[in-house]
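Student: Have a look at this one.
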Amino acid sequence: MKGLFTLSTVSSEKIIEIIDLALRFKRGETKVSYPGKSMATLFFENSTRTQYSFQMAMIKLGITPVSFSSVGSSLAKGESLYDTVKTFEALGVDGVVVRHSKDGYYRDLDSVRIPIFNGGDGKSDHPTQTLLDLMTIYEEYGRFDGLDVCLVGDIKHSRVAHGNAEVMKRLKMNVYIAGPDEMLDDTAKVLSLDEAVEKCDVINLLRVQFERHSEKLDMNEAEYLKKYGMTLERVSRMKDKAIIIHPAPINRGIEIQSEVAECEKSRIFKQMTNGVFVRMAVISMVLEDKL
C-alpha cells in the first residue's frame, strides 16, 4: 500500500521537498502530465475545498477525476469502506482520495494496491491541509525555524490542529494553543488569544467542530467571538508581518469576524489556491515513487 496517509511518518526533509515542488508548480516551472490515468475521490464526510482541489490538481496533471457520492451508493446496503475502495481498484482507477470519520481508517486497507491519499481521518490527521498551511507560511517568511504559531479554537476535535502541531514542532516552530478550556488538550502550551495575537507570527484559526461535540457549547456565537474569535480589534494588535490562516470552512461571526476573513493579514483564500499545488505535488511524487 502506498500513498500519503499521515505526515508523522514522513521526514522533515521530504516535507520540505513536497513544499518546494508545490511552489515550483505554482510558478509554472514544472510540466508534468499523466494522460490516461484516473483517480477517484471517496468522501464519506462533507468536503468542498479538499475534494475539489484534489480534483483540480488531477485535472492540471492530466488525470481524469472520478467522483463518488455516498448517497445512492452501496453503502446503504452495508458495503464496507474496504469493499468500496477495492471496487474502485477493480474498476481500474490509478488511485483514491479518501476522507472518513474513522481515525486511521487506512490501516484497514493494507491489501489495496493502488495509491491512497488521506483527505482527512476522524480527529487524527489531514496531511495535505498541513502541507498547504506550511506552504502558505513559507511563502511569507521563507523559513519555519523560530516562528511562533498559535492554533486557536477547537483543538480537541480538530485533525488539522493535531497534524499541524506535530509537524510544526519538528520544523522547530514554537507552537501554542488557545481556546475554551473544554476544547483544549495537551497538544501544546496554552496561551490566551489576547497574548497570542501580540506574540505570534501566525494565528492558525480553527473551525468549531459542532458535528463532533456531544454537548452544546455553553455560550452563544457572539460570546464565542468576543472571547475566542478573531476580531478587527485583535487584528490591530498583531505584529506587523503576522498572518492569519484557517483551514475553512469558516464560521463567520463565530471564530472569525466577517471583516477579518478578507483583511490584509488574512491568507485564507491564498491557502485554498496553494492547496491545488500541494496536492499536485503529492500526487506526482507518489506516482513517481518519490514519496
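The values are calculated or read from the model by the stated rules, or taken from the named source; none is laboratory data. None of these values were measured; they are calculated from a predicted model. When we count neighbours, we look across all protein chains shown, and the Cβ atoms used for this are built from the backbone with ideal geometry, even at glycine.
Student: Output the number of residues of the range 81-107 satisfying the condition of being within 22 Å of residue 159 (Cβ to Cβ) and in a loop (DSSP other than H, G, I, E, B).
Tutor: Matching residues across the range 81-107 total 5.
Student: Sticking with this one: Out of all the residues in the range 142-150, is one or more under 22 Å from residue 280 (Cβ atoms), surrounded by fewer than 19 Cβ atoms within 10 Å (Cβ to Cβ) and not assigned by TED's automatic domain parsing to the domain that holds residue 14?
Tutor: Scanning the range 142-150 turns up at least one residue that is under 22 Å from residue 280 (Cβ atoms), surrounded by fewer than 19 Cβ atoms within 10 Å (Cβ to Cβ) and not assigned by TED's automatic domain parsing to the domain that holds residue 14.
Student: Checking the structure you have, find out if any residue of the range 211-227 is touching a residue at least 40 places away in the same chain (Cβ under 8 Å), at positive phi and surrounded by 14 or more Cβ atoms within 10 Å (Cβ to Cβ).
Tutor: no
Student: When you scan the range 151-265 for strands (runs of 3 or more DSSP E) that lie fully inside it, which ones turn up with 1 or more residues that are farther than 18 Å from residue 141 by Cα and of a type in the set (Lys, Arg)?
Tutor: Once the strands (runs of 3 or more DSSP E) in the range 151-265 are filtered for at least 1 residues that are farther than 18 Å from residue 141 by Cα and of a type in the set (Lys, Arg), nothing remains.
Student: Shifting gears a bit: When you check residue 52 against the structure, is it touching a Gly at 6+ places or on another chain (Cβ under 6 Å) and either surrounded by 16 or more Cβ atoms within 10 Å (Cβ to Cβ) or without any contact (Cβ under 8 Å) to a residue 24 or more places away in the chain (or both), yes or no?
Tutor: Here the answer is no, as residue 52 does not meet what is asked.
Student: Could you please find all residues in the range 120-150 being in contact with a Gly (Cβ under 8 Å, 6 or more places away or on another chain) and either part of a loop (DSSP other than H, G, I, E, B) or within 24 Å of residue 62 (Cβ to Cβ) (or both)?
Tutor: Residues satisfying the conditions are 122, 124, 126, 127, 128, 132.
Student: Look at residue 134 and say whether it is under 14 Å from residue 12 (Cβ atoms) and surrounded by 22 or more Cβ atoms within 10 Å (Cβ to Cβ).
Tutor: yes
Student: Tell me, please, whether a residue that is part of a helix (DSSP H, G or I), free of Cβ contacts under 8 Å to residues at least 12 places away in the same chain, farther than 23 Å from residue 179 by Cα and out of contact with any Asp or Glu (no Cβ under 9 Å at 6 or more places or on another chain) can be found in the range 108-119.
Tutor: So far as the range 108-119 goes, no, none of its residues is part of a helix (DSSP H, G or I), free of Cβ contacts under 8 Å to residues at least 12 places away in the same chain, farther than 23 Å from residue 179 by Cα and out of contact with any Asp or Glu (no Cβ under 9 Å at 6 or more places or on another chain).
Student: Can you name the residue in the range 60-78 that is at negative phi and surrounded by fewer than 13 Cβ atoms within 10 Å (Cβ to Cβ) and is also modelled with the lowest pLDDT among such residues?
Tutor: 76
Student: When you check residue 105 against the structure, is it buried (at least 20 other Cβ atoms within 10 Å of the Cβ) and more than 24 Å from residue 274 (Cβ to Cβ), yes or no?
Tutor: It is true that residue 105 is buried (at least 20 other Cβ atoms within 10 Å of the Cβ) and more than 24 Å from residue 274 (Cβ to Cβ).
Student: I'd like to verify a number: residues in the range 247-272 that are within 13 Å of the chain's Cα centre (by Cα) and surrounded by fewer than 17 Cβ atoms within 10 Å (Cβ to Cβ), how many?
Tutor: Selection size over the range 247-272: 1.
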